[in-house]
Amino acid sequence: SQKNDENGNCSGEGIEFPTTNLYELESRVLTDHWSIPYKREESLGKCLIASTYLARLGLSDSDENCKRFMDRCMPEAFKKLLTSSAVHKWGTEIHEGIYNMLMLLVDLVAERVKQDPIPVGLLSVLTMAFNPDNEYHFKNRMKVCQRNWAEVFGEGNMHAVSPISTFQKEPHGWLVDLVNRFAELGGFSAIQSKLNSEDIELGAISALVQPFGVCAEYLNSSVVQPMLDPVIHKMIKYVQNVEEKDLKDKRLVSIPELLSGIKLLCMRFQPDLVTAVDDLRLDILLRMLKSPHFSAKMNSLKEV
């Protein structure tokens, strides 16, 4: 199939992660003098495509090299491509190449998030990719969308839109493309069904909410708000009911991060709840500070 050809290392039924490309990529990414390939047929592109293919088969976590790529090399590659000050020196071809790599990242996360366990690490890379304030998106903030998303979702049903008002921010069309591509591939639906599952842990909820929190001002409220409102209310209620004995639970470390993601969503969808969420954040931090448990105290201080 075409997917196999793109990987370079695949033949027939058996798929093998392109290990040679991974080693080359590690030598180029995990170093002070880094240079990251940004073309589809180069190492980063090949590893992303192979990971997506394995994720589709439910094998991405069990393949040792694929896991090594997703856990270590890939997050570092995107961190450098998106947040380095060098971004402002690069030419158009490189920026367009990074846009293509980000699209491949979105493909991978959309596939992997449909399965268990929830890929917390991948979702944090997606959060970085959806953050309009990073160097890459700031540099490309005047770009318009590359695709007509109204044709995909129907007029007014896009998941992300550029701000209409001239007083607001720049179009951020490339960011809007990434979010809509994630929706087109079923990423939003997968996250919604995960958030609605009963036995989900706080850390996982926080990881699922963060990518939407950072880009909340570009989300289309008529489409996304009905999906996220129940989570906002459920989480506020949950944190309000946390008891003293719960504070020693290591899993509660995620509460401050979760609430900061919820606050960003509230600023976009539920402005009347913003103050309540802020009060709740301070309240839980104070309770953690007063707690006799050392880890709760330290996490609280870190948040303050």
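The values are calculated or read from the model by the stated rules, or taken from the named source; none is laboratory data. Predicted model, so just to flag it, every value in this text is computed and none were measured. When we count neighbours, we look across all protein chains shown, and the Cβ atoms used for this are built from the backbone with ideal geometry, even at glycine. Just the protein is used for accessible areas: all its heavy atoms, side chains included, with ligands, DNA and RNA removed. Shrake-Rupley method; radii C 1.70, N 1.55, O 1.52, S 1.80 Å.
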Item to complete: Inspect region 287-294 for any residue being outside any helix (DSSP H, G or I), in the same structural domain as Leu126 (by the TED database), open to solvent by 90 Å² or more (accessible area, probe 1.4 Å) and more than 21 Å from Pro163 (Cβ to Cβ) and give the result as yes or no.
Response: no
Response to the item:
Only one of Lys67, Lys46 is over 25 Å from Asp133 (Cβ atoms) and touching a Pro at 6+ places or on another chain (Cβ under 6 Å), namely Lys46
Worksheet item: From the list Val253, Val209, Val239, which one is aliphatic (A, V, I, L, M), in contact with a helix residue (DSSP H, G or I) (Cβ under 8 Å, 6 or more places away or on another chain), in the same structural domain as Val144 (by the TED database) and touching a residue at least 12 places away in the same chain (Cβ under 8 Å)?
Response: Val209
Worksheet, complete the sentence: Checked pairs for region 37-51, first part of a helix (DSSP H, G or I) and modelled with pLDDT of 95 or more, second of a type in the set (Asp, Glu) and open to solvent by 10 Å² or more (accessible area, probe 1.4 Å), C-beta under 7 Å and 6 or more apart or across chains, list as Ser43/Glu24; Ile49/Glu6
Discussion item. Taking the condition of being under 15 Å from Leu247 (Cα atoms) and among the aliphatic types (A, V, I, L, M), how many residues in region 266-286 meet it?
Written reply: 5
Item to complete: Just give me the residues in region 52-71 being in a helix (DSSP H, G or I) and either in contact (Cβ under 8 Å) with a residue 12 or more places away in the chain or over 19 Å from the mean Cα position of the chain (by Cα) (or both), in sequence order.
Response: Thr52, Tyr53, Leu54, Ala55, Arg56, Glu64, Asn65, Cys66, Arg68, Phe69, Met70, Asp71
Practice prompt. Could you tell me whether region 114-123 includes any residue that is touching a Gly at 6+ places or on another chain (Cβ under 8 Å) and outside any helix (DSSP H, G or I)?
Written response: yes
Discussion item. Taking the conditions exactly as written (among the acidic types (Asp, Glu) and more than 23 Å from Glu41 (Cα to Cα)), does Asp63 satisfy them or not?
Written reply: no
Worksheet item: Can you name the residue in region 237-286 that is of a type in the set (Asp, Glu) and not in a helix (DSSP H, G or I) and is also nearest to Ser124 (Cα to Cα) among such residues?
Response: Asp249
Worksheet item: If the Cβ limit is 6 Å and pairs must be 6+ apart or interchain, which residue in region 74-92 that is in the same structural domain as Thr31 (by the TED database) and among the small types (Gly, Ala, Ser) pairs with which residue that is at pLDDT 95 or above and not in a helix (DSSP H, G or I)?
Response: Ala77/Ile36
Discussion item. Checking Asn131 against (1) surrounded by 15 or more Cβ atoms within 10 Å (Cβ to Cβ); (2) part of a loop (DSSP other than H, G, I, E, B); (3) over 12 Å from the mean Cα position of the chain (by Cα); (4) not hydrophobic (A, V, I, L, M, F, W, C): exactly one of these is not met. Which one?
Written reply: (3)
Practice prompt. Pairs only if they're at least six apart or on different chains, beta carbon under 9 angstrom, first in region 259-271 and touching a residue at least 12 places away in the same chain (Cβ under 8 Å) and more than 21 Å from Ile284 (Cα to Cα), second open to solvent by 10 Å² or more (accessible area, probe 1.4 Å) and hydroxyl-bearing (Ser, Thr, Tyr); list them, first residue then second.
Written response: Arg268/Ser221; Phe269/Ser221
Fill in: Test: residue in region 163-175 that is farther than 15 Å from Asp133 by Cα, open to solvent by 50 Å² or more (accessible area, probe 1.4 Å) and β-branched (Val, Ile, Thr)
yes
Practice prompt. Report yes if Gly213 is within 30 Å of His159 (Cβ to Cβ) and touching a Gly at 6+ places or on another chain (Cβ under 6 Å), otherwise no.
Written response: yes
Worksheet, complete the sentence: Residue hits (region 229-282; open to solvent by 70 Å² or more (accessible area, probe 1.4 Å), modelled with pLDDT of 90 or more and of a type in the set (Asp, Glu)) are Asp272, Asp279
